[in-house]
Amino acid sequence: ITGALIHLSIPFAVNYLLKIDAGCRFARAVGDMLGRKEFDVKPVGGDRIPFYTLLSAIYAGRWMLGMFTANGGGPMPWAGTMAAAILHLIVLQVVPFVFLSVTRGGLPDELNQWDYVAAILSVLAGILQHGSELQRLLFKLDPSNKGQVHMSGLFYYARFINITGHFLQEVSMALATRSVVLALFCGMIANYLFFQLAVETDQHMREKYREKYERYCQQTPYKFIPFVW
């Protein structure tokens, strides 16, 4: 319950901090300390405040589902719940939308095509990541599937389609905020997700399920993007 409440507070926190120009106040305070005028930035306003609030709400909802599926449908340990919830609240939502979205020139108050693309990617990311993991959880909860490899649903189209969803979420935030920092972070997270996490998971699955996983690889040769990669 505590984790769910913290996640539900994410869009409200983002909305409030944007309305009081917390990002600008912080940047200007840093600029005053350093004597640097380039820290005098323009606040986020107009349609962008409800837009970021909506993206935060989508993010909060999908990660509430994500925490449920990550623990096999049961309650997570309190410490893990708090750590995950605070990480999502502060690091992955407040920092990008409140602090990294402020620039000297400022973002336009009106939304444009890139913002709509960011919104679509955010929804798609949730479906691919947590939608696929929910399907896998329901498969595992069926006693008749014990010891079997989940090869249907979204995982029928790509073996690590949930990882693709994770990456698309970072791309969505980078597009929505136009942040160079987040763009660089996308490169770092892509390297980890695609070339470390996926490789380790693939090796683990091969060792655990052997012939069953080999059959899955033959059925679904694509790792991340159906019919492409």
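The helix-based estimate of mean residue ellipticity at 222 nm for the chain, built from -39,500 (n - 2.57) per DSSP H run of four or more residues and divided by its residue count, is -19500 deg cm²/dmol to the nearest 500. Springs between Cα atoms under 10 Å define the GNM used for the chain, and in it the highest mean-square fluctuation of Ser101, Ser144, Ser56 occurs at Ser144.
Under the criterion of Cα pairs below 8 Å and six or more residues apart, the relative contact order for region 98-229 equals 32 percent. Note that region 128-142 has calculated 3J(HN,Hα) couplings of 5, 7, 7, x, 5, 5, 5, 4, 5, 4, 4, 5, 5, 6, 7 Hz, one per residue in order, obtained from phi through the Karplus relation 6.51 cos²θ - 1.76 cosθ + 1.60 (θ = phi - 60°); glycine and proline are x.
Here Lys42 sits with roughly 90 square angstrom of accessible surface, probe radius 1.4 Å.
Distance from a point 7 Å along Cα→Cβ of Tyr116 to each backbone N in region 171-199: keep the residues under 16 Å and list them by number. Residues 176 qualify, since their backbone N sits under 16 Å from the label point. Taking θ as phi - 60° and the Karplus parameters 6.51, -1.76 and 1.60, the scalar couplings of region 200-209 work out to 5, 5, 4, 5, 4, 5, 5, 6, 7, 9 Hz in sequence order, x denoting glycine and proline. Evaluating 6.51 cos²θ - 1.76 cosθ + 1.60 at θ = phi - 60° for every residue in region 13-18, the Karplus couplings come out as 5, 4, 4, 5, 5, 5 Hz, glycine and proline recorded as x. Relative to the longest principal axis of the Cα atoms of the chain, the long axis of helix 22-34 makes an angle of roughly 60 degrees.
The values are calculated or read from the model by the stated rules, or taken from the named source; none is laboratory data. In this text, all values refer to a predicted model and were calculated from it rather than measured experimentally. Every residue, glycine as well, gets a Cβ built from its backbone with ideal geometry; the counts of neighbours run over all protein chains shown. Remember, those area values only see protein heavy atoms, side chains included, never the ligands or the DNA or RNA. Shrake-Rupley method; radii C 1.70, N 1.55, O 1.52, S 1.80 Å.
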